[in-house]
Amino acid sequence: MRKLLSILFAAISVFTLAIARPALADASTETLAQGAKVFSANCAACHMNGNNVVSANKNLKSAALEKYAMNSAEAIITQVTNGKNAMPAFKGRLNDEQIKAVAAYVLDQSANDWKA
């Protein structure tokens, strides 16, 4: 019985660690709230509910973020900071903290299929 419990505990631990999103580990409720505000004021016009009005297939849903290698805070921070193609750069409009917060918010929302 003890061996079975040990195996069960180990399996639960491995499963929990395997599904954890390291990029979101530091995202506090306060950071996500700030990210939501920044997103609403600066991003929602083109990316409402994680969509993309300019290029529908390059949206902010988890499958698209993964497909286009944008599924990390670093990639999103770079994109928001410098812009790319039709997306403008926000380097002069948003500070580093705001850009990091919006990246955390996008990752959090994509993990929840933009339902939260």
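The numbers here are math on the coordinates, done by the rules we state, and not lab data. Note that the structure is predicted; figures quoted are calculated from it, not measured. Neighbour counts are summed over all protein chains in view; Cβ atoms, including those assigned to glycine, are modelled from backbone coordinates with ideal geometry.
What is the magnitude of the charge dipole of the stretch 26-110 about its Cα centre, with +1 placed on the Cβ of each Lys and Arg, -1 on the Cβ of each Asp and Glu, and no other charges, expressed in debye to the nearest 20?
Using Cβ point charges on Lys, Arg, Asp and Glu, the stretch 26-110 gives about 380 debye.
Set the Förster distance to 25 Å, then compute FRET efficiency between residue 91 and residue 51 from the Cβ-Cβ distance, nearest 0.05.
Result of the calculation: an efficiency of 0.55.
Write out the trypsin sites (Lys or Arg not before Pro) in the stretch 63-95 meeting two conditions: DSSP loop, and at most 15 other Cβ atoms within 10 Å of their Cβ.
91, 93
Expressed as a rounded percentage, what relative contact order does the stretch 25-111 have, with Cα pairs under 8 Å and six or more residues apart?
40
In whole Hz, with x marking every Gly and Pro, tabulate ³J(HN,Hα) for the stretch 94-99 from phi via Karplus 6.51 cos²θ - 1.76 cosθ + 1.60, θ = phi - 60°.
10, 8, 4, 5, 5, 5
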